[in-house]
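So the structure is just underneath, and the comments pick up after that.
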Amino acid sequence: MSILKVEGVVQRFGGLVAVNNVGFNVGQNEIVSIIGPNGAGKTTLFNVIAGTYKPSEGSIIFKGKEIAGLPAATIAKQGLVRTFQITSLFSNVSVLESLKIAQHRTLESNLFNVLINAPSVRAEEQVAEKRAYEILALLKLENKANHLSDSLPYGEQRLLEIGIALAAKPDMLLLDEPAAGLNETETIELMGLIALLRDEGITILLVEHDMNLVMSISDRILVLANGTKIAEGLPSEIQTNPDVIEAYLGGDIMDFSE
Amino acid sequence: MKMNKTTTKLLQTIPVLILLAVPVVVTNNYVLNVLIMAGIWTLLASSLNIMIGLVGQLSMGHAAFYGIGAYISGLLSVRLGIPIWLGMPAAGLATTFLGYLIGKLTFRVRGSAFVLVTLGLGEVMRLVTNNWMSLTNGPLGLQGISPVKLFGVNFTYKHYYYFILLLVLLVSYIIWRIKNSRFGRAFIAMNENEPLANAVAIHSERFLVLAFMISTCIAGIAGSFYAHYVTFISPDLFLLSNTVTIVVMVIVGGKGTVLGPIVGAIIFTLLPEWLRAIDNYRMLIYGLILMFSILFMKRGIVPSFARIIKKKRGALHEYS
Ligand SMILES: Nc1ncnc2c1ncn2[C@@H]1O[C@H](COP(=O)(O)OP(=O)(O)O)[C@@H](O)[C@H]1O
Ligand SMILES: [Mg+2]
């Protein structure tokens, strides 16, 4: 059963067609990766799915409901949560507090109960704090709980971004180049984390340039070039697909042989 | 981050006890009047802080909501004989509703719409109250607003002092509760990084409107208090300089903190009074303090001191 169905999505910026009639499905609990040269339209596609842009054409069905053109927060509320290609954090907020902020989706206390500090609110806050610490443990950032997000080293910032997305208890995660700028050890840890998230039942759509990561972790791979989907298949099929090799040789050269 | 529980409790109760004892020690009406005015400015600065400090939106019409609250309460009193006990809720509800309307209209389009519309509101209200002679008595102002009376007791300075102290404590408590809840976290999230806030299901527009409604409600209540305390109001309430004063109080005191606007309001109410004796240098000293605090305490007085105290704990937090 597919959790996400993308059909005939087009995104134009003036005369430029950044995403051109792209369609694909993502099954429940799959890890699907989108690869393609820089400027292929991967981030734009994410932005369309996550509600940053309203698609010029096409339909996007998430958990059986049309979400194309809905506000980003509404889409997130339904359980589809994205991260950003360029590091995006609550800079002047502590790590712990960031993870509490991100639990907004699952917290329900109303303003009146907050003002009288009702027992239900206190209970909810305790659960939120506990969950924040669980995520910190998962990211191995427990000892940074009270540090400002801004003050973390780059690798930990990228981890925290995933932690923030995770705190929202998503059914599906869109990760935009989570390994960009990470060293080899950090990338391997990240791979472990992504695999773990999938084991916990989260469906993952991943944009990534690191081919080792993509080939080893993905159930299926989608290739975009110039806004068009040029191939889709198992990692082994993609590695030997002549169109894909052609697209990459025409643009960025990528090493598939590793 | 966590202080000893009893220390925290003491730090919270001692200032409150001192504030409660003030009228017992101070019987001079002039001093009490200054303190009452400081209380009114504290309400205004605290409420504006929700916009500037928490959600990060500059409302340039805060004095307008203050003035509207004052005029609603004042007119209800003068024209219909309605006491503050009904006038104040009416003023609060009306400004909340106006906050809702303006928020809905301006936060959808974003950009500078909010700043411009709130800026315009003050000007519009000044024109309306100046020219609608039959209702507001125009530039001559509205006189004869009923002073506060409770259980047959006519309020004296001492009573007004306790009344405004109660309001200040209540508002500070409310803001503190909100700030440490999912609502306050949503406010701060929007201020810090709106796309990321949206990505974790925080609807910016909804929370901006909510923040503005809370903010304008408190300003309206402050206006109502002012009208019944001074018993005379005029279109000068809507002057932009009043809004600017509130903004300065928030920024110098420390935006985003509960204590900052209180400190800012007290400083900028007491200071002009103290400097009255050396009137010639008053504006100079005023300006120097502003410059000093902006140059050396970018975040404002309260966060700068908090920073020094917390430094050795390693943990810092912009909004604590
Ligand atoms: N907001 C925008 N306005 C105009 N052009 C855009 C916008 N966003 C992306 N583009 C263009 O769309 C194309 C695809 O970009 P992008 O989706 O970022 O590619 P990728 O993530 O695959 O590297 C690029 O040519 C880019 O310049
Ligand atoms: Mg990209």
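Checking the condition away from every other protein chain (no Cβ under 14 Å) and part of a helix (DSSP H, G or I), which residue from B:144, B:220 passes? Spell out the reasoning first.
Numbers: B:144 fails: part of a helix (DSSP H, G or I).
Of B:144, B:220, the one residue that is away from every other protein chain (no Cβ under 14 Å) and part of a helix (DSSP H, G or I) is B:220.
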When (1) open to solvent by 40 Å² or more (accessible area, probe 1.4 Å); (2) under 30 Å from residue B:208 (Cβ atoms) are applied to residue B:43, the one that fails is (1)
Among the residues of the stretch A:174-210, the number that are within 16 Å of ligand 2 (Cβ to nearest atom) and surrounded by fewer than 18 Cβ atoms within 10 Å (Cβ to Cβ) is 3
Within the stretch B:219-241, the residues that are open to solvent by 10 Å² or more (accessible area, probe 1.4 Å) and either closer than 30 Å to residue A:126 by Cα or modelled with pLDDT under 95 (or both) are B:230, B:231, B:232, B:234, B:236, B:237, B:239, B:240, B:241
Filtering the stretch A:20-61 down to residues that are among the charged types (D, E, K, R) and within 15 Å of the chain's Cα centre (by Cα) yields A:30, A:42
- among the small types (Gly, Ala, Ser), under 24 Å from residue B:94 (Cα atoms) and within 23 Å of the chain's Cα centre (by Cα) - does that describe any residue in the stretch B:110-117? yes
For the stretch A:1-15, pairs from a residue that is away from chain B (no Cβ under 14 Å) to a residue that is within 10 Å of ligand 1 (Cβ to nearest atom) and of a type in the set (Ser, Thr, Tyr), with Cβ under 7 Å and 6 or more apart or across chains, are A:11/A:44; A:11/A:53
Log entry, pairs with first residue in the stretch A:216-240 being not assigned by TED's automatic domain parsing to the domain that holds residue A:198 and open to solvent by less than 20 Å² (accessible area, probe 1.4 Å), second being of a type outside the set (A, V, I, L, M) and outside any strand (DSSP E or B), beta carbons closer than 6 Å, six or more apart or on different chains, reads none
When restricted to B:174, B:178, B:188, B:202, the only residue within 7 Å of chain A (Cβ to nearest Cβ), outside any helix (DSSP H, G or I) and closer than 26 Å to residue A:123 by Cβ is B:202
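Taking the stretch A:70-88, which residues are open to solvent by less than 30 Å² (accessible area, probe 1.4 Å) and more than 7 Å from chain B (Cβ to nearest Cβ)?
From the stretch A:70-88, those open to solvent by less than 30 Å² (accessible area, probe 1.4 Å) are A:72-73, A:75-76, A:79-83, A:88; that's our starting set.
Matches in the stretch A:70-88: A:75, A:79, A:80, A:83.
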Quick check on the stretch A:32-48. Is at least one of its residues assigned to a strand (DSSP E or B), more than 16 Å from ligand 1 (Cβ to nearest atom) and at pLDDT 95 or above?
no
Out of (1) open to solvent by 30 Å² or more (accessible area, probe 1.4 Å); (2) more than 21 Å from residue B:199 (Cβ to Cβ); (3) within 13 Å of ligand 2 (Cβ to nearest atom), the one residue A:52 does not meet is (2)
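Could you grab me the full set of residues in the stretch A:106-122 that are surrounded by fewer than 20 Cβ atoms within 10 Å (Cβ to Cβ) and facing chain B (nearest Cβ under 7 Å)? Walk me through it before giving the result.
Taking the stretch A:106-122 first, the residues surrounded by fewer than 20 Cβ atoms within 10 Å (Cβ to Cβ) are A:106-113, A:115-120, A:122.
Once the filter is applied, which keeps residues that are surrounded by fewer than 20 Cβ atoms within 10 Å (Cβ to Cβ) and facing chain B (nearest Cβ under 7 Å), the stretch A:106-122 yields A:107, A:109, A:111, A:115, A:117.
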Filtering the stretch B:125-134 for residues that are surrounded by fewer than 14 Cβ atoms within 10 Å (Cβ to Cβ) and not polar (S, T, N, Q) leaves a count of 3
Considering the stretch B:24-40, residues that are modelled with pLDDT under 80 and within 29 Å of residue B:245 (Cα to Cα), and then whichever is surrounded by the fewest Cβ atoms within 10 Å (Cβ to Cβ), we arrive at B:27
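The values are calculated or read from the model by the stated rules, or taken from the named source; none is laboratory data. Owing to the predicted nature of the structure, the values given are computational and were not obtained by experimental measurement. Quick reminder, even Gly has a Cβ in these numbers, built from the backbone with ideal geometry, and neighbours come from all protein chains shown. Accessible surface areas use protein heavy atoms only, side chains included; no ligands, DNA or RNA. Shrake-Rupley method; radii C 1.70, N 1.55, O 1.52, S 1.80 Å.
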